[in-house]
1. Would you check if there is a residue in segment 101-115 being within 19 Å of Arg192 (Cα to Cα), of a type outside the set (S, T, N, Q), at pLDDT 90 or above and open to solvent by less than 80 Å² (accessible area, probe 1.4 Å)?
2. Does segment 46-65 contain at least one residue that is modelled with pLDDT under 95, over 28 Å from Leu106 (Cα atoms), open to solvent by 30 Å² or more (accessible area, probe 1.4 Å) and among the aromatic types (Phe, Trp, Tyr)?
3. Since Ile84 meets every condition but one in (1) farther than 23 Å from Tyr199 by Cβ; (2) open to solvent by less than 10 Å² (accessible area, probe 1.4 Å); (3) among the β-branched types (Val, Ile, Thr); (4) touching a Ser or Thr at 6+ places or on another chain (Cβ under 6 Å), which condition does it not meet?
4. List the helices (runs of 4 or more DSSP H) that sit entirely inside segment 131-215 and contain at least 3 residues that are closer than 22 Å to Trp81 by Cβ, out of contact with any Ser or Thr (no Cβ under 9 Å at 6 or more places or on another chain) and touching a residue at least 12 places away in the same chain (Cβ under 8 Å).
5. For segment 116-136, enumerate the residues that are within 25 Å of Phe155 (Cβ to Cβ) and open to solvent by 70 Å² or more (accessible area, probe 1.4 Å).
6. Quick one: is Phe170 of a type in the set (Phe, Trp, Tyr) and open to solvent by less than 30 Å² (accessible area, probe 1.4 Å)?
7. Does segment 80-96 hold any residues that are in a helix (DSSP H, G or I) and either more than 24 Å from Asp20 (Cα to Cα) or polar (S, T, N, Q) (or both), and which are they?
8. Kindly indicate which of Asn144, Asn152, Asn139 is at pLDDT 95 or above, surrounded by 13 or more Cβ atoms within 10 Å (Cβ to Cβ) and farther than 26 Å from Ala103 by Cβ.
Amino acid sequence: MIGYAITLFVSLATYRKYYDTALKYFPIIIAYTLFNEILGYLVRNYNEISFFQNLKYSNFNDIIYNIYAVIFFGFFFRVYWGLIDNPKYRKWIMKVATVTILAYLLSLLFQNPLDTNLYYAIAIGSWSLIFCIILYFRNKMDLNQKIYQPYNLMFWVSLALLSFYIIFPFLYIIGYTAYEIWVEYELRAVLRLLIAIMYSILIVGFIKARRKAFS
């Protein structure tokens, strides 16, 4: 949560660099992430803070993470759809966004969103996001632009998301379907390391970015 707070501060301090771009609402997403983690911690650890009167669900915070994932993926699907100018790629983004929505709806038939994370749907959303990032870089190549653009904030955002979501869904599914492996190999520590790497890359991006380089 300290990492989220630092990233939020840096994103606001450098907001003038991207206030009129596709990422203009990104600080809100970061703030939402931070507050979601705080709320999740409070619900999980304090009985007097709960979303439900039913004692069965009193310490369950899964619902807020399920809602968060939908908003997070939706935000970035919209960002990449707006930045890519290739009509075929934009149609593909619409298709993977639709697949992600359907994955959530289907998950509701087999999983209770109140007491478990919809991990299969989140995995599909993660892979869909990776696909969008690949399309973004491919679009750059189609325009004869370099993939490495050190002053373009979207390069760093894409790199940060890629570094996390290319591994995260596998860890997430293991954590919910093979908990003994999760514990034995201390995958929680791996997950936290990936989060630290992702937000460190974002901080570098906010600092290095130049307004005119955004694309």
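1. Of all residues in segment 101-115, those within 19 Å of Arg192 (Cα to Cα) come to none.
The answer is no; no qualifying residue exists.
2. Yes, because at least one residue in segment 46-65 is modelled with pLDDT under 95, over 28 Å from Leu106 (Cα atoms), open to solvent by 30 Å² or more (accessible area, probe 1.4 Å) and among the aromatic types (Phe, Trp, Tyr).
3. (4)
4. Filter on segment 131-215 gives 153-165.
5. Answer for segment 116-136, where residues must be within 25 Å of Phe155 (Cβ to Cβ) and open to solvent by 70 Å² or more (accessible area, probe 1.4 Å): Trp127, Phe131, Ile134.
6. Taking the combined requirement at face value, the residue does not satisfy it.
7. Applying the first criterion (in a helix (DSSP H, G or I)) to segment 80-96 yields 80-83, 87-96.
Listed by number, the residues that qualify are Lys88, Lys91, Trp92, Lys95, Val96.
8. Asn152
The values are calculated or read from the model by the stated rules, or taken from the named source; none is laboratory data. If you're wondering where the values come from, they're calculated on a predicted model, not measured in any experiment. Here the Cβ is made from the backbone with ideal geometry for all residues, glycine too, and neighbour counts use every protein chain on show. For the accessible areas, the whole protein counts, side chains as well, though only heavy atoms, and no ligand, DNA or RNA atoms are used. Shrake-Rupley method; radii C 1.70, N 1.55, O 1.52, S 1.80 Å.
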